[in-house]
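Shown next, in C-alpha cells, is the structure this report addresses.
We did not get these values from a lab; they are worked out from the coordinates using the rules stated. What you are looking at is a predicted structure, and each value in this text was computed from that prediction instead of being measured. Using ideal geometry, Cβ is built from the backbone for each residue, glycine included, and neighbour counts are taken over all protein chains shown.
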Amino acid sequence: MNTVISIGRQFGSGGRSVGQQLAERMGYKYYDKELIPLAAKEIGFDPSIFEKVDEVPRFLRFFQGLYSNGMDENYSHRNYMSRTMLFQVQSDVIRRLAEESSCVIVGRCSDYVLRDNPKMVSVFLSATTEDRIARICERTGEQNREKIEKLLRHTDRNRAKYYNTYSGKEWGRADSYDLCINVSKIGIECTVDAIERFVVAQGIK
C-alpha cells in the first residue's frame with residue numbers, strides 16, 4: 001500500500017499550505033478540492049454543480065438514478081441523489097487515488113475512508129482565532145471581522161457535521177487522529193517538519 005497523509009483542519013488554520021508544502025517536500029501527490037472534479041468526472045456531471053452540493057451540510061436529493069442510461073439534456077435538473085451517494089462516489093475516488101500513489105489528502109473524511117490502510121497517517125491542524133482571521137483576511141481580502149468570524153463558525157460546523165456523520169468519530173478531538181498540531185504555536189514550516197518527522201518515525205515513508 002502507498003503512504004497517505006490525511007489532514008483534517010480548522011478553517012483558516014493553514015491546512016492547504018501545510019498539505020501542499022508537505023506533498024512537495026515528500027514527493028507525494030496533493031489532493032484537496034481537486035477531489036470534487038475527479039468525483040464529478042467519474043460520473044459524468046458538471047464539477048461546479050457537484051461541488052455546490054458537497055458544501056451543503058444537510059442531506060440533499062441529488063441526481064437520483066445517476067447511473068441510468070439514456071439521460072436527456074435536462075435529466076440532471078429533474079433527478080436527484082442523496083448526499084450519502086455523493087460520499088460513496090467520493091470515497092471510491094479517494095481509494096483509487098491512494099492506490100495509484102502516495103499522497104496528501106486534505107479533508108473529505110479521507111482518514112475514515114482509508115482506515116484499513118496501515119500506512120495512513122491522520123493529522124488534525126488547529127490555530128488561534130486571531131491567526132485564522134488574519135489568514136482569511138489575506139486570502140479573501142475581506143476586512144469585516146464579524147463576517148469572518150461568522151464564516152469560521154459556519155465552515156467548522158459544517159466540517160464537523162460532515163466528519164461526525166460519516167466517520168462515527170468526533171471532528172477535532174485528539175483521539176480521532178494520530179497527530180494533532182496547533183499551527184499557531186510553531187508556524188507552517190515547522191508544522192510540515194513535524195508531520196514529516198512523524199511519518200518517518202512510523203517507518204512508512
(request) Give a residue-ordered list of calculated ³J(HN,Hα) values for region 15-31 (Karplus: 6.51 cos²θ - 1.76 cosθ + 1.60, θ = phi - 60°; whole Hz; x for Gly, Pro). (result) x, 5, 4, 4, x, 5, 5, 5, 4, 5, 5, 8, x, 9, 6, 10, 9
(request) List the aspartates and glutamates whose Cα lies under 18 Å from the Cα of LYS169, skipping any in the same chain that are fewer than 8 positions away. (result) ASP111, ASP116, ASP156, ASP178
(message) Taking the alpha-carbon distance from LYS29 and a cut-off under 24 Å, which lysines remain once sequence neighbours fewer than 8 residues away in the same chain are dropped?
(response) LYS41, LYS119, LYS205
(request) May I ask you to sort VAL106, VAL200 by Cβ crowding, counting other Cβ atoms within 10 Å and putting the fewest first? (result) VAL200, VAL106
